Amino acid sequence: MNARVVGLLGALVGTAWAGSASAQHAPVDAPWRVGFEVGGRWHRDSGLDAFGDTRSPPVVGLMGARDLGRIGDRATLALDVSWNAEMFQGRLRDSLQSRLTAHLLSAGVTVRVRTFWWLEPYARVAAGALYSDIKLEPESGTTQSGALTGDEWTFAGTGGVGVMVTTAPFLGRLRLAVAIEGGYQLALSQEMRVRPQALSNDEAQADRLPVADTSLGSLSQSGGYLRGLVGLRF
Amino acid sequence: MNVPIPSFNRYQGVALTLALAACADRDPRYALSMETLPPVAAGSALVYVQPALSRATVVDLTQDTPAVRQVAVGGDPVLVNARVAHDEALVLSRGQRGAAGVAPAPASLTGITAAGAARRWTLGSPFNALAQNGDGRYGMAYFNRSASAGRLLFNPNEVAVVDLNREQGPTNPVIRTVRSFGGVPNGVVFSPTMTVAGEPRTLAVVLSDAYVTLLDLNHPERSEVTVRLTLPEDPRAVAPAQVVFDTDNATMYLRADQSNDLYVLRLVTVTPESPTANDFRPALNQLAAGVRPADLALFGEPNARKLLVVSPGSRDARVIDTVANTTTVVPLDAVANRVLLFNGPSPRSPAPALRALLYATSGVASAVSFVELTDIESRRSQNVETLQLGRVINQALPLPERAVVMFGHPTSATGSLSLLDLGRRTAAPIFSEVALESARFDDDQQALWVAPPSGERLGYIELNNFRPGELRLDAPIVDVIPVARAAGRRVVALHEASDGWITVVDGTDVTRERSRSLRGFLLTGLLDEGEAQ
């Protein structure tokens with residue numbers, strides 16, 4: 001195991017048992033949290049197979065949160081905003097390079113329950129907008145030219161549970177927070193339509209013949225998710 | 001002590017579900033090829049067939065905004081044809097042989113309308129060729145000798161006759177194996193409705209080396225009639241190449257490659273010996289027709305039928321009186337291998353009459369011959385007028401309904417096309433960058449459309465005044481297909497794009513403002529194709 005990881009775990013255990021028994025349940029005075037997330041979603045819609053060999057590409061994102069207040073002795077209510085994205089990319093029907101990028105912008109509410117000051121299981125619900133952007137491009141080497149593009153917004157909500165571990169402060173009030181969370185993303189289906197990609201030259205684009213959109217059908221991006229978060233509390 | 005573990009099993013099930021979802025295989029349909037068979041027009045729609053997907057995509061151009069529909073067809077489709085005289089496309093599929101995980105499926109024929117409605121007939125054997133009769137009522141599927149059947153065993157003389165006006169049933173289609181003298185079918189032609197034994201009927205004529213087979217489509221239960229064109233000991237491969245029907249006299253005339261004779265099959269009425277026997281019998285006769293006759297046409301009243309035959313080998317035309325069995329040789333100044341009968345005036349006679357244009361497309365003749373058919377046997381060459389075009393002809397696109405013929409020439413300083421006015425007997429040179437094989441008449445034959453390979457410009461010639469024009473489109477054109485439309489006419493230019501790209505041009509107002517493109521239509525419904533996991 002990596003020496004840094006061992007050191008971090010050691011620091012966590014050390015800080016956990018460093019205080020007195022009553023101090024074990026004292027709240028962490030660090031209302032703000034920013035972080036980076038990585039994870040994956042397990043999509044069920046086989047339409048996503050049009051965009052690659054896997055329906056579970058990596059998801060990366062950023063988040064920020066602020067504790068709003070306490071509920072009783074041990075629970076804390078927090079509000080967060082987050083962005084994450086996943087990209088599907090592959091070869092479609094021997095002739096096209098296909099790509100779908102899905103961005104989820106959401107705001108959520110988290111209720112954390114302090115088991116120890118450093119260990120907080122939590123439940124989170126969030127809602128927001130899911131933006132999907134697709135591009136279908138003829139493979140290089142063919143005489144065909146011009147890609148098809150399309151994008152669509154829809155509503156998405158997530159609900160999940162997780163656990164967050166917080167370290168002792170360092171560099172003043174900074175604390176390292178690590179969380180792992182699993183849950184389900186519910187997204188309304190999107191009707192994806194494509195049209196030729198706009199030309200970079202405005203004059204040439206204006207000269208183009210009118211082109212009718214083509215509907216590729218509906219896409220649902222609902223599915224289970226698992227994500228890990230690493231961030232700072234202060 | 002027993003330790004209860006049901007809750008663990010529950011979590012185990014959830015975990016297993018998640019793991020399976022994460023590892024779901026990609027739907028194989030998304031890896032299949034998008035290649036299409038050459039599209040055809042079915043009324044106001046274009047029909048594309050994607051063999052790997054066993055699917056037809058119908059682009060309905062009835063409205064200003066095209067509607068795209070997808071229709072399942074039989075497995076392994078090999079060709080799509082427009083149904084003659086109907087707004088329907090016919091897709092011939094060879095079916096599936098069967099493999100691990102793939103159930104065998106019989107060959108089939110699928111009819112698809114512009115509205116996307118489909119009918120299907122099961123054919124059984126994996127035929128790879130299709131012929132239709134003149135009014136599109138009957139289709140015959142057969143084996144083309146040049147293509148593999150893709151099966152361990154097959155009988156190349158098996159045919160399936162489909163009554164396209166009727167649904168699939170016990171007697172439709174009719175599967176037959178035509179009698180063979182060692183050959184295989186080279187092609188199939190259908191007669192127009194002709195009276196045989198006092199009954200109007202349609203015959204299918206299967207052409208094979210040295211023999212032909214007649215099938216009575218009005219009585220499919222009756223046995224076929226096979227007629228040898230040569231003696232059994234004659235080793236010549238006399239391949240029937242053209243059939244002309246005399247519908248009033250129950251007679252057909254066959255021209256064959258490798259033969260200087262025409263074959264006359266007169267269908268004589270007989271009393272059938274059994275319910276499956278025919279009520280006619282062919283009587284074979286031969287007529288001398290010069291050296292290697294290349295084309296023939298039938299004219300004259302029913303009781304005085306005559307054949308006009310051109311034989312480039314002997315540089316003449318022959319008029320054969322089929323009743324008197326006499327032949328009149330008409331010398332020609334210009335060699336000819338094609339006959340075009342037309343009804344129209346001439347510069348000396350404004351009264352319409354049946355006339356003939358004789359020309360050659362073999363690249364050796366630079367003149368054409370107009371023949372007055374009235375009194376041709378007595379006046380002979382006095383009835384022939386030769387028109388010099390100044391350039392050799394290597395292609396022809398006749399349109400007798402509009403009294404014009406377009407000729408293609410090797411590129412020269414005087415233009416590579418000529419529009420011949422059959423009435424005035426004048427030829428207008430047209431400069432063109434395109435070969436004539438890519439030219440298409442539109443549905444109401446008001447204009448001729450051309451598209452140079454890989455060029456972005458669509459050219460056209462108005463046939464009422466021979467005025468040419470062109471329209472610039474957004475992408476190189478690979479083909480042009482006129483389509484029928486209730487209000488006005490439309491022409492569709494096809495562009496190269498595996499996802500489908502067409503431009504629909506208003507044939508009555510050929511401008512960019514009235515043109516619309518449709519792109520990506522072969523991907524319609526792409527995301528809904530996979531099976532839900």
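With respect to (1) touching a residue at least 60 places away in the same chain (Cβ under 8 Å); (2) on the phi > 0 side of the Ramachandran plot, the lone exception for residue B:258 is condition (1).
The residue of region B:473-496 that is nearest to the other protein chains (Cβ to nearest Cβ), among those that are on the phi < 0 side of the Ramachandran plot and free of Cβ contacts under 8 Å to residues at least 40 places away in the same chain, is B:496. Scanning region B:298-315 for residues that are open to solvent by 10 Å² or more (accessible area, probe 1.4 Å) and under 24 Å from residue B:258 (Cβ atoms) yields B:298, B:312, B:313, B:314, B:315.
Sort out which residues of region A:199-226 are in contact with a Lys or Arg (Cβ under 9 Å, 6 or more places away or on another chain) and farther than 21 Å from residue B:59 by Cα, and write them in order of number. Correct list: A:199, A:207, A:220, A:221, A:222, A:223, A:224, A:225, A:226. Across region A:196-234, the number of residues qualifying as assigned to a strand (DSSP E or B), touching a strand residue (DSSP E or B) at 6+ places or on another chain (Cβ under 6 Å) and within 11 Å of another protein chain (Cβ to nearest Cβ) comes to 12.
Number of residues in region B:404-450 that are touching a Gly at 6+ places or on another chain (Cβ under 8 Å), open to solvent by 70 Å² or more (accessible area, probe 1.4 Å) and modelled with pLDDT of 85 or more equals 0.
For region B:451-463, the candidate set comprises residues that are in a strand (DSSP E or B) and open to solvent by 20 Å² or more (accessible area, probe 1.4 Å); within that set, the residue that is modelled with the lowest pLDDT is B:462.
Screening region A:86-97 for residues that are open to solvent by less than 10 Å² (accessible area, probe 1.4 Å) and of a type in the set (A, V, I, L, M, F, W, C) and picking the one that is modelled with the highest pLDDT gives A:88. Checked against (1) touching a residue at least 40 places away in the same chain (Cβ under 8 Å); (2) in the same structural domain as residue B:87 (by TED's automatic domain parsing), residue B:193 passes all but condition (2).
Among the residues making up region B:348-369, those that are in a strand (DSSP E or B) and within 28 Å of residue B:249 (Cα to Cα) are B:353, B:354, B:355, B:356, B:357, B:358. Residue check: residue B:466 meets all listed conditions (1) within 14 Å of another protein chain (Cβ to nearest Cβ); (2) open to solvent by 20 Å² or more (accessible area, probe 1.4 Å); (3) more than 26 Å from the chain's Cα centre (by Cα) but one, namely (1). Restricting B:114, B:85, B:99, B:149 to those that are among the aliphatic types (A, V, I, L, M), at pLDDT below 90 and touching an Asp or Glu at 6+ places or on another chain (Cβ under 6 Å) reduces the list to B:114.
Return a yes/no flag: does region A:168-176 have any residue that is among the hydrophobic types (A, V, I, L, M, F, W, C), part of a strand (DSSP E or B), free of Cβ contacts under 8 Å to residues at least 60 places away in the same chain and more than 14 Å from chain B (Cβ to nearest Cβ).
yes
Residue B:182 meets the conditions (1) assigned by TED's automatic domain parsing to the domain that holds residue B:86; (2) more than 25 Å from residue B:50 (Cα to Cα) in every case but one. The failed one is (1).
Any idea which of B:65, B:36, B:110 is within 14 Å of chain A (Cβ to nearest Cβ) and within 28 Å of residue A:46 (Cβ to Cβ)? So the residue among B:65, B:36, B:110 that is within 14 Å of chain A (Cβ to nearest Cβ) and within 28 Å of residue A:46 (Cβ to Cβ) is B:36. Looking across region B:79-105, just one residue is closer than 14 Å to residue B:54 by Cα, hydrophobic (A, V, I, L, M, F, W, C) and open to solvent by 50 Å² or more (accessible area, probe 1.4 Å), and that is B:102. Being open to solvent by 50 Å² or more (accessible area, probe 1.4 Å) and part of a loop (DSSP other than H, G, I, E, B) is the filter here; which residues of region B:254-267 pass it? Correct list: B:258, B:260. The single condition from (1) buried (at least 21 other Cβ atoms within 10 Å of the Cβ); (2) without any contact (Cβ under 8 Å) to a residue 24 or more places away in the chain that residue B:178 fails is (2).
The rows are residues; the columns are (1) open to solvent by 70 Å² or more (accessible area, probe 1.4 Å); (2) within 14 Å of another protein chain (Cβ to nearest Cβ); (3) polar (S, T, N, Q).
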| position | (1), (2), (3) |
| --- | --- |
| A:122 | no, no, no |
| A:133 | no, no, no |
| A:154 | no, yes, yes |
| A:160 | no, yes, no |
| A:166 | no, no, yes |
| A:191 | yes, yes, no |
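Tallying residues that are in contact (Cβ under 8 Å) with a residue 60 or more places away in the chain and open to solvent by less than 30 Å² (accessible area, probe 1.4 Å) within region B:385-403 yields 1. Against the condition in contact with a strand residue (DSSP E or B) (Cβ under 9 Å, 6 or more places away or on another chain) and open to solvent by less than 10 Å² (accessible area, probe 1.4 Å), how does residue A:100 come out, does it pass? Yes; evaluated as a whole, the condition is true for this residue. Restricted to region A:193-234, and to residues there that are open to solvent by less than 70 Å² (accessible area, probe 1.4 Å) and β-branched (Val, Ile, Thr), the residue that is farthest from residue B:502 (Cα to Cα) is A:194. Taken together, A:181, A:139 contain a single residue that is within 10 Å of chain B (Cβ to nearest Cβ), charged (D, E, K, R) and open to solvent by less than 50 Å² (accessible area, probe 1.4 Å), which is A:139.
Of all residues in region B:464-478, those satisfying the criterion of being under 13 Å from residue B:430 (Cβ atoms) and in contact with a strand residue (DSSP E or B) (Cβ under 6 Å, 6 or more places away or on another chain) are B:466, B:468, B:469, B:470.
The number of residues in region B:510-531 being within 7 Å of chain A (Cβ to nearest Cβ) and either touching a strand residue (DSSP E or B) at 6+ places or on another chain (Cβ under 8 Å) or without any contact (Cβ under 8 Å) to a residue 40 or more places away in the chain (or both) comes to 14.
Only one of the numbered conditions (1) in a loop (DSSP other than H, G, I, E, B); (2) under 30 Å from residue B:453 (Cα atoms); (3) among the charged types (D, E, K, R) is violated by residue B:401, and that is (1).
The values are calculated or read from the model by the stated rules, or taken from the named source; none is laboratory data. Computed from a predicted structure; not experimentally measured. FYI the Cβ positions are ideal-geometry reconstructions off the backbone, even for glycines, and counts take in every protein chain you see. Ligands, DNA and RNA are stripped out before the accessible areas are found, and what is left, the full protein with its side chains, is counted by its heavy atoms. Shrake-Rupley method; radii C 1.70, N 1.55, O 1.52, S 1.80 Å.
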